[in-house]
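A short worksheet on the structure shown next.
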Amino acid sequence: MKKIINEVDRVEEQMISGMLKAAPDYIRKLECGNVLVRNKKKEGKVALISGGGSGHEPFAAGYIGSGMLDGVAAGAVYTSPAADQIYEGIKAVSAGRGVLMIIMNYTGDIMNFDMAAEMAQMEGIEVDRVIVNDDVAVDGSLYTTGRRGVAGTVLTAKIAGAMAEAGAELSEVKAAAEKVIANVRTMGVAINPSTIPASGKPGFVLEEDEMEVGIGIHGEPGVYKAKTGTADEISDVLLEKILADIDYSGSEVAVLVNGCGGTPLMELYIVNNHVHDVLESKGIKVYKTLVGNYMTSIEQEGFSITLLKLDDQLKKLLDAPADTMAYKSF
Amino acid sequence: MKSDRIPEVLTAMSRKISEKKDFLTDLDNAIGDGDHGINMARGFAAVESRLPEFEGKDIGYILKTTGMTLVSVVAGSAGPLYGTAFMKAGMVMNGKNEMTADDFIECLNAAIDGVMMRGKAVQGEKTMLDAMIPARDAIVSAVKDGRNFPEAVKAGVEAAREGVEYTKTIIATKGRAAYVGERSLGHQDPGATSFTYLLETISEAL
C-alpha cells in the first residue's frame, strides 16, 4: 500500500484537523468526535445533516455552509458514523425548525441515522429523513436493499440546502429533496480500485484491460467486470443504463461528471465532452454542468455520470447561492 | 455462568476477533466494503478497555454497556446490529448475576429480534441471522433433550457453523453484499462468521 498518510489509525482524525485548518471560516468540530458543523450557526432555519464514511471527500464536510449542509457526521473510511455521533450532530445543528437527515441508501448508514433520530426525538427535536438511492447499476426490484446513494447525494444536498436557506418548512425541504431523488440517476465505473488504509488491500483486483462496471462509492466491486474501452464507449455504457431508467426526452438536465478521486480532470472533461454530445443528439438540453471530484472513493480511478431532470423549481434551487468549501454558487 | 466470568468471555471475544480480523475483512472485501474485521476489532478492543468498570456489576449492566460501546465504536452496520443484540440481551439479564441455559436462550431470542428489527432482515438473506437463528434453535432443542448448558451451546456452535456454510449457497439481499447480486454466491457472510466466533468463545468458556 502506497499512501501519503502517517499512522493508519489516525487518518480520519488528521484529515479532519487539516480540513479545519483549511476552512476555519466554514466549519468547526464538536468535542464529541468527528462531527462537523457550520462555524456560524444560522438560527431559525430547518437544519440539514448528512454524512457517512470518510474517504468520499469533499463529501460530506466540504458541503457544510450557507445554502447547503448544516452538519456532518464523518465515520471511519467507508464506514457509517456511529449513532451517538450523529445524535450529537443533530442536537448541535437543530435551530428550532426541525432537522432533515440526508442519508445515502446503505444499511449501516440508515441504521445509525435512524438510531440517532430516535434519540433526538426523545428530546423533542423534530427529525425527518430522506434516503438517496440514485445508482441505476443496482436493480432495485431484485434486491430488497434497493439502490445505493452515490453522487446524486451532492445535488440533493445542494437543492434541499437552498430550500432550507430560503426559510422553507421541514416538509417543504423534504419535498424538494424527494423531488431530486425521484429525478436523479447515476452510474459509475472503475478502472483501478481503492485501498482502505486500515485494510491495506485493494477492494477488488482487475487485469490491465478490465474495469468494474456499476460500482458504488465504497471501493467495492461493481455489478460486473468488463473489458475496458475508449472514454466514449465507457460513457455510452453508463448513459445507456441511466437514460433507460427514466424518461429524459425533451427535458432539461443537470450533468455531474464525478471523479472517483484518482482520475484526472483531463479524463473527466473528455467524458463530459461525449456526454454533452450524446444528450444533444437525443434532444436533452443541458442546463448546468458540474465536472470534478464531488463524491470520491479515496484513490479509486473511475468516474460516474449523474443526470438530474430539472423543472423550474429545481433550476431555481440549483442556481441559488451556496458558499461551502467545495461547492460555490453565486 | 456467574457475572464475574463475563469480563473473561468478553476478553476472549476481543482476542478471537482480533485474531480473525484480517480473515473477516477479506470475507467482507469479497462481497462488501472490506471493513468488518477492522471495525469489529476496534469495537471489542474498546469493550476490553472498559472491563474494569464491570467489576461487581450485574450481567445486564455489563451486556448493555458492551452493546452501547459497540454501537459507538464499531459503527458501520455491525455496530448497530451487534450493539442492539448485546443491549437487548442486557435487558433480559437486568439485575441478574448468573446466566442459565434458559437465560441464554432468552438472550438469543431478544438479540435475534433486535437484529431483525434494526436490520429489517429475516433468515435466508445472507446475514448474521443465518448463523444466529440456527444456533438458537439448536440450543433450544438440545436443552429440551436434557443436555446441559455447555453441551447445548456446543450444539449451537455446530449449527452456527453450518449456517455460515449455508450463506455460501445464497445470494445476499440485505447489506452491501446485495449490490454485487449473484457475485455474492460462493462467499460466506462475514457477519454470520463473526457471530460464530463470538458463540465459540462463549462455548469455550462454559
If N is the number of residues in the stretch A:135-209, what value comes out of its Cα radius of gyration divided by 2.2 N^0.38 Å? 1.51
Please list log₁₀ I(q)/I(0) at q = 0.12, 0.14, 0.19, 0.26 Å⁻¹ for the stretch A:46-107, using the Debye equation with identical point scatterers on the alpha-carbon positions. -0.25, -0.34, -0.63, -1.13
Which of A:LEU20, A:LEU155, A:LEU36 moves the most in a Gaussian network model of chain A with Cα springs under 10 Å? A:LEU20
In the stretch A:160-235, the GluC sites (Glu not before Pro) that sit in a DSSP loop and have at most 11 other Cβ atoms within 10 Å of their own Cβ are A:GLU207, A:GLU208
Taking θ as phi - 60°, what are the ³J(HN,Hα) couplings along the stretch B:189-206 by the Karplus curve (6.51, -1.76, 1.60), each to the nearest whole Hz, with x for Gly and Pro? 6, x, x, 4, 5, 5, 4, 4, 4, 5, 5, 4, 5, 5, 4, 5, 7, 6
Once amide hydrogens are built 1.01 Å from N within the peptide plane, the residues lying 5 or more places from A:VAL286 or on another chain with amide H under 5 Å from its amide H are A:VAL253
Whether the stretch B:3-205 is rounded, prolate or oblate, judged on the alpha carbon gyration tensor where a/c under 1.5 counts as rounded: oblate
When chain A is treated as a Gaussian network with springs between alpha carbons less than 10 Å apart, the largest mean-square fluctuation among A:ASP209, A:ASP311, A:ASP109 is found at A:ASP209
Per-selection Kirkwood Rh - the stretch A:9-182 (Cα, Å, 1 d.p.): 15.7
With a ≥ b ≥ c the root eigenvalues of the C-alpha gyration tensor of chain A, is it rounded (a/c under 1.5), prolate (a/b larger than b/c) or oblate? oblate
Here, chymotrypsin sites (Phe, Trp or Tyr not before Pro) of the stretch B:99-206 satisfying both criteria (DSSP loop; at most 12 other Cβ within 10 Å) are none
Mind listing the long-range amide H neighbours of A:VAL127? Cut-off is under 5 Å, sequence gap 5 or more, other chains count too, H placed in the peptide plane at 1.01 Å from N. A:VAL99
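For the stretch A:64-154, state which trypsin sites (Lys or Arg not before Pro) are in a DSSP loop and have at most 16 other beta carbons lying within 10 Å of their beta carbon. Present the calculation step by step, with values, prior to reporting the outcome.
Working: sites: A:LYS91, A:ARG97, A:ARG129, A:ARG147, A:ARG148; in loops: A:ARG97, A:ARG147, A:ARG148.
In loop regions of the stretch A:64-154 (DSSP not H, G, I, E or B), there are no sparsely surrounded trypsin sites (Lys or Arg not before Pro).
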Modelled label-to-label distance, A:ASP319 and A:LYS201, 7 Å Cα→beta-carbon offset: nm? 5.2
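Since every read-out is calculated from the coordinates, none of them should be taken as a lab result. This is a predicted model, so every value here is computed, not measured. Quick reminder, even Gly has a Cβ in these numbers, built from the backbone with ideal geometry, and neighbours come from all protein chains shown.
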